[in-house]
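Undergrad: Mind looking over this structure? Questions follow.
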There are 2 protein chains.
Amino acid sequence: MFEFTIAGTQGAARAGTLALPHGAVPTPAFMPVGTYGAVRGLHPDEVERAGAQIILGNTYHLHLRPGEATIQTMGGIHRFSSWSRPMLTDSGGFQVFSLAGLRTIAEEGVEFTSHIDGSVRSLTPERSMDVQWALGADVAMAFDHVVPGQASHELAEDGMERTLRWLDRCRGRHAQLADAPPPVNGQPSTVNQTLWPIVQGGIHEDLRLRSLEGTLARGPWTGIAVGGLSVGEPKPVMYGVLDLLASRLPQDQPRYLMGVGFPEDLLEGIARGVDLFDCVAATRNGRHGSAWTSTGRLNIRKAAHRTDELPLDPLCDCATCSRFSRGYLRHLFVAGEMLGLRLVSLHNVRFLIRLGEEARRTILAGDFDRWSREWLRRYHGRERE
Amino acid sequence: MFEFTIAGTQGAARAGTLALPHGAVPTPAFMPVGTYGAVRGLHPDEVERAGAQIILGNTYHLHLRPGEATIQTMGGIHRFSSWSRPMLTDSGGFQVFSLAGLRTIAEEGVEFTSHIDGSVRSLTPERSMDVQWALGADVAMAFDHVVPGQASHELAEDGMERTLRWLDRCRGRHAQLADAPPPVNGQPSTVNQTLWPIVQGGIHEDLRLRSLEGTLARGPWTGIAVGGLSVGEPKPVMYGVLDLLASRLPQDQPRYLMGVGFPEDLLEGIARGVDLFDCVAATRNGRHGSAWTSTGRLNIRKAAHRTDELPLDPLCDCATCSRFSRGYLRHLFVAGEMLGLRLVSLHNVRFLIRLGEEARRTILAGDFDRWSREWLRRYHGRERE
């Protein structure tokens, strides 16, 4: 269990399969974000039919609503949200560090004010492990200290070193839970979960290398994440960090680039050896009527689409594009009908999942470089928004 | 085409089949309301899988957004909204008469202020026919003058008589359109549409009888609607008007009780010979977390449902009840996740459609009276909200 098998490579790009308790995940793969145990606006059947092999749940949000105790009582996050395939939960770190002014960081952990009811709560490495264990996803993430994309060397070093110290505590608590799982509702626990560490260090090469070294020294792990990217730094800088890490990360473990991204980021990340991605942009943009297409972004609210018979993207195989016209989708957005948000979100989710599928196919065919170059040229060639 | 065949009766209750251009509708039947060419929050596939044989579109809303010209250009309401089964459009009358203070009534028609952009527009019997023809549903409704449920005899008489005069104009214009359909996008029209009149008269028996008489005198029709009920009058008064009309309405035509209703109204209406119903309550209540169940209403937001493993209604066969727990649905509502609105709306829609299906089955088995009595006893016995 938790094994990662490489099926083929082209340069740094890899096609593999990650075995998790709830199923096997072919990579590269995009993970839709199910903040509250549901991918926003979508039915789990729709997410499954869009080809999602794994989704992500947000520990911070689920801890606040409905609370991990409720989810544990209801049989864990899979059963509660009726999602039978693999899941990964983040640690809550990114969210609490984003609560600028509402949180206090100490060596013990982070004290923060709930954005729901104003109550004061705290998240520590141990507490994050406890919450994620109660949620019961296949993969839990270590509780890390995230700094902004333009953070100074000093600030990034402080966050990186704390992340390593917290990793020891996460590993210790997670091992306790895995070795002697506490019973649930008086029954033996059925949780089977692995823990992945997160490499930090901001945009500073020396810190990224020290973070990687310290992380590997604390292993072995079943997967490694790269965090603290796509948080405000220029894209070339993000690609530079990935280039730096690509040859140094263990080849036989999946690499997860957290919070990324947009279509072009997926291709650039895959070219640099990334296996897993997650991002809320697919559903967030979808709710605002912004669709990705093979020839760039499309704003469905524009008057130009009023009587447009074409689907969002004539080259797309999603359930939205195979049935609905731009004209109808525009009407739904203009009239404020919920169905519009849903249909464009679904398209965007399928768009990124398909990108992962096509990358995998072309890597296995030894054709990824050519395909991704052409894909990016077409995508950037005609920006429609 | 447009024929109604009775398959069986029990007392005044009837089970029949209505043949429409886009398919046959078994009755009694509840028509979900697709205000803007979409049943709010639901995908046409979901509506179809919930068993809907016919849905209703709102002429007033579709006229304002996206406008009938857009829908006509896009191939008509069925093609535009990707709904292949029968559709009926209302006349816009009910909506413009609801715009108190924003409309002026004259013999010619109604001048009103758009609730969208404040523009001044008018709807006349002829204009309503033109708009509904452009939309292209299977059934168009006559443009009527609706008065409030407690309207005086004088006011109700005025509205009833105007409705009859307007019916002449509707019939005239609809016949012109049907006899020589204007081409669409340079192609011959494919619209095949019938017109149904509406019996008005408020809560006054003499007016209802005169309205019925005047309506029938202007026939023959392929169906007749009863309007101006469930608009503020007490329920026993509505049932009294239905009792009055039941034996006097032609037996061989479908009867449509407009804007009704709640589960108990469906059963009471069916017992009085009604064949078709429509109401926004199913989706409106669903969006507020109020679900109909076989033992009364249930408010899913209540804390009591926090860890409730049961479905909304253990006796329901809908896609929501067969998969999701009350605990999860409550969580979705509390967290403000769109999926919750969708799932409870879908349940409520299926709930009313199933009620029609079961009424039909029991009418054909000669068991409707007993079944509906028991159904109502169980439903009212334990009001949970």
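The values are calculated or read from the model by the stated rules, or taken from the named source; none is laboratory data. Remember, it's a predicted structure, so these values are computed and weren't measured experimentally. Heads up, the Cβs are rebuilt from the backbone with ideal geometry, glycines too, and the neighbour counts pull from every protein chain shown. Heads up: the accessible areas ignore ligands, DNA and RNA and are worked out on the full protein's heavy atoms, side chains in. Shrake-Rupley method; radii C 1.70, N 1.55, O 1.52, S 1.80 Å.
Undergrad: A:Arg49 versus B:His288, label points 7 Å from Cα toward the beta carbon: distance in nm?
TA: About 3.1 nm separates the two model spin labels.
Undergrad: Quote the relative contact order of the stretch B:239-306 in percent (integer), defining contacts as alpha-carbon pairs under 8 Å separated by 6+ residues. Please report the intermediate quantities before stating the final value.
TA: Values: 58 pairs, mean separation 17.8, N = 68.
Relative contact order of the stretch B:239-306: 26 percent.
Undergrad: Further question: Treat every Asp and Glu Cβ in chain A as -1 and every Lys and Arg Cβ as +1, leave all other atoms uncharged, and give the resulting dipole magnitude about the Cα centre to the nearest 20 debye.
TA: Details: 41 positive and 43 negative charges, 244 e Å.
Here the size comes out at about 1180 debye.
Undergrad: In whole Hz, with x marking every Gly and Pro, tabulate ³J(HN,Hα) for the stretch A:234-245 from phi via Karplus 6.51 cos²θ - 1.76 cosθ + 1.60, θ = phi - 60°.
TA: x, 4, x, 5, 4, 4, x, 4, 5, 4, 4, 7
Undergrad: Measuring label to label, 7 Å along Cα→Cβ, what does A:Asn192 give against each other copy in nm, shortest first?
TA: Label-point separations across copies, in nm and ascending: 5.7.
Undergrad: Any idea what log10 I(q)/I(0) is at q = 0.22 Å⁻¹ for the stretch A:11-99, Debye with uniform C-alpha scatterers and no solvent?
TA: One equal scatterer on each Cα of the stretch A:11-99 leads to -1.12.
Undergrad: So what is the relative contact order for chain A, in percent, with contacts set as C-alpha pairs under 8 Å and at least six apart?
TA: 18
Undergrad: List the distances, in nm and shortest first, from the label point of B:Ala69 to the matching label points in every other copy, placing each point 7 Å from Cα along the Cα-to-Cβ direction.
TA: 6.2
Undergrad: Counting only Cβ atoms, what residue of chain B lies nearest to the axis that sends chain B onto chain A, and how many whole Å off?
TA: Nearest residue, distance rounded to whole Å: B:Met338, 3.
Undergrad: Say R0 is 22 Å: what FRET efficiency, to the nearest 0.05, do B:Leu209 and B:Ala24 get from their beta-carbon distance?
TA: 0.10
Undergrad: Roughly what % antiparallel, to the nearest 5, for the DSSP beta bridges in the stretch B:87-241?
TA: The antiparallel fraction comes to roughly 55 percent.
Undergrad: Distances longer than 14 Å among the Cα atoms of the stretch A:164-238: what percent of all pairs is that?
TA: 67
Undergrad: Ranked by accessible surface with a 1.4 Å probe, highest first, in what order do A:Asp367, B:Asp206 come? Spell out each step's value before the answer.
TA: Numbers: A:Asp367 45, B:Asp206 70 Å².
Most to least solvent-accessible, the answer reads B:Asp206, A:Asp367.
Undergrad: Measure of size requested: the Rg and Dmax of the stretch B:202-332, with Cα atoms as the atom set and Å as the unit; please supply both.
TA: Cα-based Rg and Dmax for the stretch B:202-332 come out at 19.0, 60 Å.
Undergrad: Taking 0.36 nm per residue of sequence separation and subtracting the Cα-Cα distance, how much length would be gained by fully extending the chain between A:Thr5 and A:Ser119, in nm to one decimal?
TA: Length gained between A:Thr5 and A:Ser119: 36.6 nm.
Undergrad: Using only protein heavy atoms and a 1.4 Å probe, how much accessible area in total is buried between B and A, to the nearest 100 Å²?
TA: Working: alone 15640 and 15650 Å², together 27620 Å².
What B and A bury together is about 3700 Å².
Undergrad: Hey, another quick one. Can you give the three extents of the C-alpha atoms in the stretch B:295-385 along their principal axes, from longest to shortest, in whole Å?
TA: Result for the stretch B:295-385: principal-axis Cα extents of 46, 23, 17 Å.
Undergrad: I need the Kirkwood Rh of the stretch B:71-156: take the reciprocal of the average 1/r across all distinct C-alpha pairs and report it in angstrom.
TA: 14.3
Undergrad: Test of the criteria: in the stretch B:38-124, which GluC sites (Glu not before Pro) are in a DSSP loop and have at most 10 other Cβ atoms within 10 angstrom of their Cβ?
TA: Loop-located and lightly packed - B:Glu107.
Undergrad: Please list A:Asp278, A:Asp130 from largest to smallest accessible area, probe radius 1.4 Å, with all protein chains kept in place.
TA: Putting A:Asp278, A:Asp130 in descending order of accessible area: A:Asp130, A:Asp278.
Undergrad: Moving to a separate point now. Which order do you get for A:Met1, A:Met338 if you rank them by accessible area with a 1.4 Å probe, largest at the top? Walk me through the intermediate numbers first.
TA: On the way: A:Met1 125, A:Met338 30 Å².
Ranked from most to least accessible, the order is A:Met1, A:Met338.
Undergrad: As a test, work out the antiparallel percent of DSSP beta bridges whose residues both lie in the protein assembly as shown, rounded to the nearest 5.
TA: Percent antiparallel among DSSP bridges in the protein assembly as shown is about 55.
Undergrad: May I pose another question? Sort shortest first the distances from B:Ser122 to its counterpart in every other copy, using label points 7 Å along the Cα-to-beta-carbon line, and give them in nm.
TA: 7.4
Undergrad: Also: Under the definition of partner shielding as Cβ atoms of other protein chains within 10 Å of a residue Cβ, what is the mean value for peptide A:27-39?
TA: Details: counts 0, 0, 0, 0, 0, 0, 0, 2, 2, 8, 6, 9, 2.
Averaged over the peptide's residues, the number is 2.
Undergrad: Give me the tail of P(r) for the protein assembly as shown as a percent: Cα-Cα pairs with distance above 51 Å.
TA: 26
Undergrad: Quantify how strongly other chains surround peptide A:56-67 by giving the mean number of their Cβ atoms within 10 Å of each of its Cβ atoms. Kindly include the intermediate steps, with their values, before the conclusion.
TA: Working: counts 0, 0, 0, 0, 0, 1, 2, 0, 1, 6, 9, 2.
Taking all residues of A:56-67 together, the mean is 2.
Undergrad: At 222 nm, what value in deg cm²/dmol follows for chain A if DSSP H runs of at least 4 each add -39500 (n - 2.57) and the sum is divided by all its residues, to the nearest 500?
TA: That calculation yields -12500 deg cm²/dmol at 222 nm.
Undergrad: Among the DSSP beta bridges whose two residues both lie in the stretch B:1-154, what percent are antiparallel, rounded to the nearest 5?
TA: Details: 18 of 25 bridges.
If I count the DSSP bridges inside the stretch B:1-154, around 70 percent turn out antiparallel.
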